[in-house]
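Here's the structure we're looking at; comments come further down.
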Amino acid sequence: MGSVAALRRVKNAIAVARAVLEHTEHTLLVGDQATAFAIAMGFTNESLTSDWSRESHLKWRQNNCQPNYWRAVTPDPQKSCGPYKPLSLKKKSSDHLQQRRTHLVDRTHHDTIGAVAIDAQGRIASGTSTNGATHKIPGRVGDSPIVGAGSYCDQEVGGAAATGDGDVILRYLVSYQAVENMRRGMAPEAAAKEVLGRIPAKFPTAQIGLVVVSAKTGAYAASCLNIVGGFPYVVGVAPGGVQNKTAKCIG
Ligand code: ASP
């Protein structure tokens, strides 16, 4: 495995992750040093700002930085852009920690591509690549670069890849758990539903999509939480081409 997080100024993060896999004995490189590694490996250092991203950021600032991921800070993060200072949390209430106010509300707020593939020799691989969550706090690492959260695979069992609310996906190691469910005998659909089914009790509105593939049989399934209209995914079987599918959400 190989991954990069908080990579800046380099396109095609998943290719840099692959370079970590192929050219190092490490697992995860982050931040400016990940960028330096990428440049040493021949990637281009370039601005990733687009007209769309510049305009979207400007509009967000004009709208007092709403929505955002801050809480328990002053000034009120629901009204202002900060800079913030922490509010003291004298009252030991876990209610506060369970509130999740900011959600990835539509397609423009997230962009993960996740994939699980089995080659002609039956070898399985998985990967994810993402910009993360729009308007995240700088430095935030989501699920995608964390193997076991954003994706996971095991030659003996199968693979999984997730998209959606990475801060929640990380807490359940969704991809790892789906593969472990298959290791314990579940088919891909049951494996996906079991792990997603754990989440609504604590995070009833989290949006998550998950694909799961068995390495033994090639069987696959997808499932989701809170994605209006279901979770679109694509299945390709060589040499037959690709099929677009939509998974129904369980919640
Ligand atoms: N999972 C990604 C993240 O939270 C977002 C996405 O799926 O697009 O970083």
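The values are calculated or read from the model by the stated rules, or taken from the named source; none is laboratory data. Remember, it's a predicted structure, so these values are computed and weren't measured experimentally. All Cβ positions, glycine included, derive from the backbone under ideal geometry; neighbour counts span all protein chains shown. Accessible surface areas use protein heavy atoms only, side chains included; no ligands, DNA or RNA. Shrake-Rupley method; radii C 1.70, N 1.55, O 1.52, S 1.80 Å.
Show me 229-238, 206-215, 3-12 ranked by packing, highest mean number of other Cβ atoms within 10 Å first.
So the order, starting with the most tightly packed, is 206-215, 3-12, 229-238.
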Shape call for the range 153-251 from the C-alpha gyration tensor, a ≥ b ≥ c root eigenvalues: rounded (a/c under 1.5), prolate (a/b greater than b/c) or oblate?
oblate
Assigning unit charges at the beta carbon (Lys, Arg +1; Asp, Glu -1) and nothing else, what dipole magnitude in debye, to the nearest 20, does the chain show about its Cα centre?
980 debye
Taking the range 160-251, which trypsin sites (Lys or Arg not before Pro) meet the DSSP loop condition and have no more than 10 other C-beta atoms within 10 Å?
R184
By how many degrees, between 0 and 90 and to the nearest 10, does the Cα long axis of helix 51-62 differ from the longest principal axis of the chain?
40 degrees
List the aspartates and glutamates whose alpha-carbon lies under 20 Å from that of K85, not counting same-chain residues fewer than 8 positions away?
D76
Where Rh is the Kirkwood radius over Cα pairs, Rg/Rh for the range 152-197:
0.95
What do you get for the angle between helix 13-23 and the principal long axis of the chain? Use alpha-carbon atoms, 0 to 90 degrees, nearest ten.
60 degrees
19 Å tail of the calculated P(r), the range 1-91, as % of Cα pairs:
58 percent
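For the chain, just say rounded, prolate or oblate: build the C-alpha gyration tensor, square-root its eigenvalues into a ≥ b ≥ c, call rounded for a/c under 1.5, and beyond that prolate if a/b exceeds b/c, oblate if not.
It is oblate, given that a/c is not under 1.5 and a/b is not larger than b/c.
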For the range 18-93 the trypsin sites (Lys or Arg not before Pro) that pass both the DSSP coil test and the at-most-12 other-Cβ-within-10 Å test are K79, K90, K91, K92
Sites excluded, GluC sites (Glu not before Pro) in DSSP loops with at most 11 other C-beta within 10 Å, longest stretch of the chain
47-155
Per residue value of the accessible surface for the chain (all protein chains in place, 1.4 Å probe), Å²
59 Å²
On a 0 to 90 degree scale, rounded to 10, what angle separates helix 188-197 from the longest Cα axis of the chain?
20 degrees
Taking amide H atoms as placed 1.01 Å from N in the peptide plane, list the residues 5 or more away in sequence, or in a different chain, whose amide H sits under 5 Å from that of T246.
Y233
Cys residues of the chain with no disulfide-compatible partner (no other Cys Cβ under 4.7 Å) are C153
Whole-Hz ³J(HN,Hα) from phi, Karplus 6.51 cos²θ - 1.76 cosθ + 1.60, for the range 115-132, glycine and proline x:
8, 10, 9, 10, 8, 4, 8, x, 8, 10, 9, 9, x, 9, 9, 7, 8, x
Per residue of the range 149-161, what does 6.51 cos²θ - 1.76 cosθ + 1.60 with θ = phi - 60° give for ³J(HN,Hα)? Whole Hz please, x for Gly and Pro, Karplus curve as stated.
9, x, 7, 6, 8, 9, 3, 7, 10, x, x, 8, 9
